[in-house]
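I have placed the structure first, in the form of structure tokens, so that the comments after it can refer back to it.
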Amino acid sequence: MKPRKDISMKDIAAKSGCSTATVSRVLNRQGGYSEQTRQRIMSIAEELNYSTGHSDAPRIGILVPDLTNEWFAETVRCLEQKLYEKGIHCFISSTNEDPSRERFCFEGLTFLKASAVISFLGSPELVSLAGSAAFPVLFIDRIPQTPGKFLCLESDNYIGGYMATELLIQKGCQKILFLGRNHQASVIQSRRRGYQDALKDYGFPVNPELILDIEHPDRPYERSRDLICYALKKKIDFDGIFASSDLRASGALQALKQNGLDVPGQVKVIGFDDASVCRQCYPALSSVHQDPEIMAKHAVDLLFRQFQQESRLSEHVVLPVSVVERGTT
């Protein structure tokens, strides 16, 4: 006999006397129920000819700005693996930070009746869409200005920026340049604030001339290299660089080498992410480490806690970071 298309988890919940959340946990093997409850729900599901492969099974959408970025790509890979291990399908969309494409992808996930969305994007329009969505949205890395309404997960970007700048100061740097991006994303702003506060706490001025931002997200290595070459040509004086990503840091390192500057003798450099490019540079690049696998584990745990609740959760989890010192400092 074919599974009935008109039977839903709500029907099983009504007949079993359990909540829909409990039925979902049992059918998707998420734990948090007794063996007696499991047997009752599975028996009713069989009686009603409900298939556990039914369209009510969780489907997770993942929205990412750029899959050529190693940290995004590795975190998404870890997410997909952990969801697969739990028998959950996921749909991955890369938006290239195009607002119209972000809306198109989000609306597509709504049409597919996604159970939840994991978003590495945080534009105001996307946050507005998430606020009215029928499913929960977990924001990773780019946190909305009103995080209390959503599930949010990020590395401690502020402390990472502070620690990176502090290391350069402790190594003797007095004129530290911040290399970032002209973007309002919370991740970039937090790293910038960490840089600024470290300077202030150690008695150094925050010099606007030493805050350089690339204008576009594409080709971060080349754009960062060219921007540092421009700064050197303009005789901007600096002895340290904190770049808000490892690709930007590696571009800065190449510019310094092209201009005959010794690293770390004359200029010290540190990035953020601890991507594989750090170990491919010469000298090897110091960086702030954030762990994609730990990020993915916490993301899946948050979603599964949400699936076990009838009401929408709001939680903001911040994961610790650490400094990995290599040859550029």
Subject >> Condition broken by Ile241, with the remaining ones in (1) assigned to a helix (DSSP H, G or I); (2) under 24 Å from the mean Cα position of the chain (by Cα); (3) in contact (Cβ under 8 Å) with a residue 60 or more places away in the chain satisfied >> reply: (1)
**OP:** May I ask you to verify whether Asp262 is on the phi < 0 side of the Ramachandran plot and surrounded by fewer than 24 Cβ atoms within 10 Å (Cβ to Cβ)?
**Re:** yes
Subject >> Those residues of region 273-297 which are crowded, with 18+ Cβ neighbours inside 10 Å and in a helix (DSSP H, G or I), in sequence order >> reply: Val277, Cys278, Pro292, Met295, Ala296
**OP:** Can you tell me which residue among Arg192, Arg225 is within 21 Å of the chain's Cα centre (by Cα), closer than 27 Å to Leu67 by Cα and among the basic types (Lys, Arg)?
**Re:** Arg192
Original post:
Which condition breaks for Leu179 when tested against (1) farther than 26 Å from Gln309 by Cβ; (2) surrounded by fewer than 22 Cβ atoms within 10 Å (Cβ to Cβ)?
Top reply: (2)
Original post:
Does Asp273 count as touching a Gly at 6+ places or on another chain (Cβ under 9 Å) and under 18 Å from Arg192 (Cβ atoms)?
Top reply: no
Subject >> Unmet requirement for Ser314, which otherwise passes all of (1) surrounded by fewer than 18 Cβ atoms within 10 Å (Cβ to Cβ); (2) free of Cβ contacts under 8 Å to residues at least 60 places away in the same chain >> reply: (2)
**OP:** Return a yes/no flag: does region 194-217 have any residue that is at pLDDT 95 or above, surrounded by 18 or more Cβ atoms within 10 Å (Cβ to Cβ) and in a loop (DSSP other than H, G, I, E, B).
**Re:** no
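Picking from Lys175, Lys149, which residue would you name as being of a type in the set (Lys, Arg) and more than 24 Å from Val206 (Cβ to Cβ)?
Matching residue, one of Lys175, Lys149: Lys149.
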**OP:** Look through Ser100, Ser93 and report the one residue that is of a type in the set (Gly, Ala, Ser), at negative phi, free of Cβ contacts under 8 Å to residues at least 40 places away in the same chain and touching a Gly at 6+ places or on another chain (Cβ under 9 Å).
**Re:** Ser93
Subject >> Unique match (being over 15 Å from the mean Cα position of the chain (by Cα) and of a type outside the set (Ser, Thr, Tyr)) among Glu97, Glu166 >> reply: Glu166
Original post:
Do we have Ile236 as in contact with a strand residue (DSSP E or B) (Cβ under 7 Å, 6 or more places away or on another chain), in the same structural domain as Phe272 (by TED's automatic domain parsing), among the β-branched types (Val, Ile, Thr) and at pLDDT 90 or above here?
Top reply: no
Original post:
Of the residues that make up region 92-110, is at least one farther than 29 Å from His183 by Cβ and either crowded, with 16+ Cβ neighbours inside 10 Å or in the same structural domain as Leu313 (by TED's automatic domain parsing) (or both)?
Top reply: no
Subject >> One residue from Ser244, Ser286 being of a type in the set (S, T, N, Q), modelled with pLDDT of 95 or more and within 30 Å of Thr146 (Cβ to Cβ) >> reply: Ser244
**OP:** Give the residues of region 155-176 that are among the small types (Gly, Ala, Ser) and surrounded by 24 or more Cβ atoms within 10 Å (Cβ to Cβ), sorted by residue number.
**Re:** Ser155, Gly160, Gly161, Ala164
Original post:
Given the residues Gly180, Gly172, Gly161, which is the only one that is touching an Asp or Glu at 6+ places or on another chain (Cβ under 6 Å) and assigned by TED's automatic domain parsing to the domain that holds Tyr221?
Top reply: Gly180
**OP:** Among residues belonging to region 218-249 that are within 17 Å of Ile270 (Cβ to Cβ) and touching an Asp or Glu at 6+ places or on another chain (Cβ under 7 Å), point out the one that is surrounded by the most Cβ atoms within 10 Å (Cβ to Cβ).
**Re:** Asp246
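If I go through region 55-82 residue by residue, how many of them are over 17 Å from Ala130 (Cα atoms), at pLDDT 90 or above and in contact with a strand residue (DSSP E or B) (Cβ under 7 Å, 6 or more places away or on another chain)?
Matching residues across region 55-82 total 5.
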Subject >> Residues satisfying the stated conditions in region 244-262, i.e. farther than 14 Å from Ile228 by Cα and over 30 Å from the mean Cα position of the chain (by Cα) >> reply: Asp262
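The values are calculated or read from the model by the stated rules, or taken from the named source; none is laboratory data. Source: prediction; values computed, not measured. Counting neighbours? That spans all protein chains shown, and the Cβs are built from the backbone with ideal geometry, glycine included.
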